[in-house]
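Structure first, then comments.
Read-outs throughout are calculated quantities, based only on the coordinates presented, and are distinct from any laboratory measurement. Being a predicted model, the structure only gives us computed values, none of them experimental. Using ideal geometry, Cβ is built from the backbone for each residue, glycine included, and neighbour counts are taken over all protein chains shown.
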Amino acid sequence: METIVERPAALDVHKAQVTACVRVPAAEGDGREQHMAEFATTVRGLLTLRDWLAAHRVEQVTMEATGVFWKPVWAILEDDFPLLLVNARHVKQVPGRKTDVSDAAWLCQLAEAGLLRASFVPPKPIRALRNLTRYRKAQIQERSREANRLHKALEDTGIKLDCVATDILGVSGRAMLDALVAGTTDPELLAELARGRLRHKLPALREAAFADSFSVVWSHLEPRRGLPERRLPADSWLPGHWPAQEARWASLGKTRMSTPISAISTSAAVRATPGIVSSSSRCLEKGAISCSIRSERVAIVSSR
């Protein structure tokens, strides 16, 4: 195969170790030399890997996207080498592999010939923001699952609070649930905990709060007493990341934004993924910012 990259390196990344292969011009003659080594995936081991690659004057480092194992390796090497993250399925589709060639060696030969297609990896600020927003999305989903279990627990015991209160996890609903967990069984006392507009529905609340077996209610509600409030832990982390992204978008010459990126943080759907909004998301006033993610690329378009 023709040599496109003079000094390529390839990494076969596993959970506990990394197998590295480097192909360089032979010291004598016109041939090629291949060097292989194994390193631990600890920080110290990856720093040793970085020094080993630098000693061979590597021009490009290639690795497969194997779960999340490639991420710490990428983080250590991205400031010192041009990196190439490839899809394992694409590598397997390249013909000509021999059975006695290791994964790292075969990957290095393909990188040397320029036969690999790079996958998109967002820059550091986007990756950090994406981790936070994905964590927040997972928190929202977990809270929704717990709320559904709570509805089912109340339904199983005959308590029909959700038929009277729009949100049983609101101020009034939480007060009643806490009272149920504390051992209050009197529907009159439970109904008196209502606040705001629910005060106009006291007769219906007294009827809905009556249960046939409160012992079943307690067994269902006690584990869910710590159901998180509306504000999630990730909410307090995200605002610190938006100003940096706003400055980044402002620096793009081809992108004009009439609405600041900080306005997007008001929408949970938008904040679930960095700079991303589905086609069904609401357009912000006059800015008409629509965001979409395709192949995890961030695109923000502002209409005039």
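Worth pointing out:
- Each 5 Å bin from zero up to the one holding the largest Cα-Cα distance in segment 1-147 carries the following percent of pairs: 2, 9, 18, 20, 18, 13, 8, 5, 4, 2, 1, 1, 0, 0, 0.
- The distance from the alpha carbon centre of segment 148-183 to that of segment 126-141 is 29 Å, rounded to a whole number.
- Modelled spin labels at Ile4 and Arg145, positioned 7 Å past Cα toward Cβ, are 4.3 nm from each other.
- By other beta-carbon atoms within 10 Å, ranking Asp162, Asp167, Asp51 with the fewest at the front produces Asp51, Asp167, Asp162.
- Exposure proxy ranking, count of Cβ atoms within 10 Å, fewest first, for Cys108, Cys21: Cys21, Cys108
- Label-to-label distance, Asp79 versus Ala204, with points set 7 angstrom from Cα along the beta-carbon direction: 6.1 nm.
- Estimated distance in nm for a label pair at Asp167 and Leu47, the labels positioned 7 Å out from Cα along Cα-to-Cβ: 4.9
- For Leu115, the shell of other residues with beta-carbons less than 13 Å away shows a net charge of +1, using +1 for Lys and Arg and -1 for Asp and Glu.
- In terms of distances greater than 32 angstrom between alpha carbons, the cross-link table entries Lys71/Lys92; Lys15/Lys152; Lys15/Lys124; Lys137/Lys160 yield Lys15/Lys152.
- Once the chain from Glu192 to His14 is taken as fully extended at 0.36 nm per residue, the excess over their C-alpha distance is 58.1 nm.
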